[in-house]
Amino acid sequence: MQTYFYQLADFIGTQTRSEETYLAYLSAEESNFVRFNQCLVRQAGSVKQTGLTLSLIAQQRRAESHLTLSGQREDDRGLVLAALDALRRDLADLPEDPYLLFNQIPQSTERIGESGLASDADILDQVVTLGQGKDLVGIYAAGTIYKGFANSLGQRNWHRVDNFNFEWCLYHAADKAVKNSYAGTHWDGGEFARKMAASSEQLAVLKRAPKQLAPGQYRAYLAPSAMNEILGLLSWEAFGIKTQRNKQSPLLKLEDGSAALNASVDLQENSQDGIAPGFQADGFIKSATVPLISRGHHAGALVSPRSAREFALETNGANSAEAPEALEMAAGYMHRDDVLKTLGTGILIGNLHYLNFSDRRACRMTGMTRFATFWVEKGVIQAPLNVMRFDDSAYRVLGDNLLALTAERELILDSGTYGERSTGSARLPGALVKDFALTL
């Protein structure tokens with residue numbers, strides 16, 4: 001794949017004119033998908049696809065085309081030639097782009113991840129064995145993802161990663177199910193067995209009569225998956241320089257210093273330890289780490305090339321949306337095995353969903369509890385809770401009301417497969433908070 005892409009890039013270079021610059025970004029995957037129902041394999045399939053985004057730049061103008069490659073050299077070269085002709089016609093009609101910025105200092109890189117995936121057959125056997133007798137519903141996706149970049153200046157970048165993502169539910173009845181996930185680049189049968197055992201224990205409690213809580217404020221533990229939903233909402237627009245400079249960021253008070261989070265909150269974009277490529281579509285190399293929040297205070301922002309030009313800053317290789325691709329939150333000191341004991345009496349929240357802002361300027365968000373949310377008394381799970389709506393501010397949940405973070409963090413991969421498997425990820429701890437506000 002790498003050799004093929006580089007040869008195609010060389011060909012593109014021979015077809016561009018002296019006043020033109022091309023940028024080529026390749027995105028490819030060889031993935032297997034397996035869908036489970038009632039702990040049986042119900043559907044299996046595979047996807048092998050290669051896409052190329054080809055940009056042509058001349059006189060501060062840029063036109064872009066997306067191609068689906070076949071892997072057949074002559075066919076793909078024909079596609080590229082036709083695309084270049086179309087892009088030249090488009091360029092003639094386009095205005096100059098004042099914020100156009102692409103890397104003009106060649107920086108070639110190569111990152112080929114070590115393959116540690118077990119065979120699909122071995123993994124499926126383990127899933128079926130450990131889920132035997134339960135209504136296990138889920139989807140397993142695994143395989144190799146390739147990303148590549150090339151330009152007229154001779155820059156060549158290559159990224160290959162083998163990874164898996166398994167999301168499953170142990171279903172009870174109606175809206176009652178325990179959800180869990182396991183993702184990474186190396187399958188650890190022991191870790192998967194631990195997760196299945198934890199899900200099975202929660203499933204047994206889920207069969208008890210549910211408890212109905214009155215609206216109010218409760219001590220609560222938010223599992224890493226629930227934290228991922230909260231930080232996922234913030235990632236929409238809270239960490240990019242454009243929304244911060246335009247005063248549209250939901251964390252604007254944090255940026256201007258009029259508010260702060262708990263001193264234990266440290267957030268950074270950690271590209272060097274994520275599974276996303278270390279380069280972006282305009283050829284810029286991502287900073288290894290970008291501090292976003294340090295000891296509860298604003299520490300930095302993701303800066304895309306366009307924003308760098310607009311605000312006269314240096315880009316740190318952020319994507320065009322200025323959204324994190326490898327978000328990482330620092331761990332705390334509460335051991336995972338002590339969560340229930342430390343929670344005492346309160347709510348164990350496995351996940352949240354349907355989040356949105358209810359008051360953007362106050363960074364107040366609302367959403368629903370989901371999947372295995374339990375009432376806990378004196379460190380013992382008592383009963384499942386019916387679904388409830390929460391409405392609370394990130395300044396409270398991650399501020400004065402944050403009591404502790406777990407010492408263990410969980411790698412959560414973006415399970416998105418729209419168009420292609422995502423390489424986004426987050427590494428997050430669980431959080432113990434007080435006065436978590438349930439409204440309905």
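The values are calculated or read from the model by the stated rules, or taken from the named source; none is laboratory data. Quantities reported herein were computed from a predicted structural model and do not represent experimental measurements. We place every Cβ from the backbone using ideal geometry, glycine too, and count neighbours over all the protein chains shown. These accessible areas exclude ligands, DNA and RNA; they are computed on the full protein's heavy atoms, side chains included. Shrake-Rupley method; radii C 1.70, N 1.55, O 1.52, S 1.80 Å.
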Under a straight-distance cross-link criterion of Cα-Cα below 29 Å, which lysines are reachable from residue 147, leaving out those fewer than 8 residues away in the same chain? 48, 242, 286
Let me know the charge dipole size of the stretch 247-355 about its Cα centre in debye, to the nearest 20, where only the beta-carbon of Lys, Arg (+1) and Asp, Glu (-1) is charged. 220 debye
Under 1.5 on a/c is rounded, so check that first for the stretch 212-329, then, if it is not, pick prolate when a/b is larger than b/c and oblate when it is not; a ≥ b ≥ c are the square roots of the alpha carbon gyration tensor eigenvalues. prolate
Between residue 33 and residue 11, what is the label-point separation in nm under the 7 Å Cα-to-beta-carbon projection? 2.9 nm
For semi-axes √(5λ) of the Cα gyration tensor in Å, with candidates (i) 42, 28, 17; (ii) 37, 29, 19; (iii) 41, 31, 18, the value calculated from the shown model is option (i)
Ranked from highest to lowest mean number of other Cβ atoms within 10 Å per residue, what is the order of the peptides 430-436, 111-117, 293-299? 430-436, 293-299, 111-117
Taking Cα atoms, how many degrees apart are the long axis of helix 224-234 and the longest axis of the chain, rounded to 10 and kept between 0 and 90? 50 degrees
Residues whose built amide H sits under 5 Å from the amide H of residue 410, excluding neighbours closer than 5 in sequence, are 428
Only Lys, Arg, Asp and Glu count, each charged at its Cβ (+1, +1, -1, -1), so figure out the dipole size of the stretch 380-422 about its Cα centre, rounded to 20 debye. 80 debye
Per-residue [θ]222 nm for the chain (sum of -39500 (n - 2.57) over DSSP H runs n ≥ 4, rounded to 500): -6500 deg cm²/dmol
Can you give me the angle between helix 189-206 and the longest principal axis of the chain, using Cα atoms only, in degrees from 0 to 90, rounded to the nearest 10? 50 degrees
Name the residue farthest towards the positive end of the dipole of the chain from the options 94, 335, 428, assuming +1 on Cβ of Lys and Arg, -1 on Cβ of Asp and Glu, about the Cα centre. 335
Qualifying lysines (Cα of each under 16 Å from Cα of residue 195; at least 8 residues distant if same chain): 134, 179
Of the chymotrypsin sites (Phe, Trp or Tyr not before Pro) in the stretch 361-435, which ones lie in a loop per DSSP and count no more than 15 other C-beta atoms within 10 Å? 418
Might you tell me the accessible area per residue for the chain, computed with a 1.4 Å probe and given in Å²? 45 Å²
Treat every Asp and Glu Cβ in the chain as -1 and every Lys and Arg Cβ as +1, leave all other atoms uncharged, and give the resulting dipole magnitude about the Cα centre to the nearest 20 debye. 1240 debye
For the chain, the percent of accessible surface on carbon and sulfur atoms (probe 1.4 angstrom, ligands and nucleic acids excluded) is 48 percent
Output ³J(HN,Hα) for the stretch 61-77: one whole-Hz value per residue in order, computed from phi by the Karplus curve 6.51 cos²θ - 1.76 cosθ + 1.60 with θ = phi - 60°, and x for Gly and Pro. 10, 9, 10, 9, 9, 10, 10, 9, 8, 9, x, 8, 4, 5, 4, 5, 5
Report the residue, chosen from 184, 216, 13, that carries the largest GNM mean-square fluctuation when the chain is represented by alpha-carbon nodes joined by springs under 10 Å. 216
Fully extended contour minus Cα-Cα distance, from residue 418 to residue 121, at 0.36 nm per residue: 104.4 nm
The farthest towards the positive end of the charge dipole of the chain, of the residues 380, 172, 32, given +1 on Cβ of Lys and Arg and -1 on Cβ of Asp and Glu, is 380
Considering only 54, 304, 362, whose Cα is most displaced toward the positive end of the charge dipole of the chain, charges sitting on Cβ of Lys, Arg (+1) and Asp, Glu (-1)? 362
FRET efficiency (residue 94, residue 380; Cβ distance; R0 41 Å; to 0.05) is 0.05
Most fluctuating residue given options 37, 270, 228, as computed from a GNM of the chain linking Cα atoms under 10 Å: 37
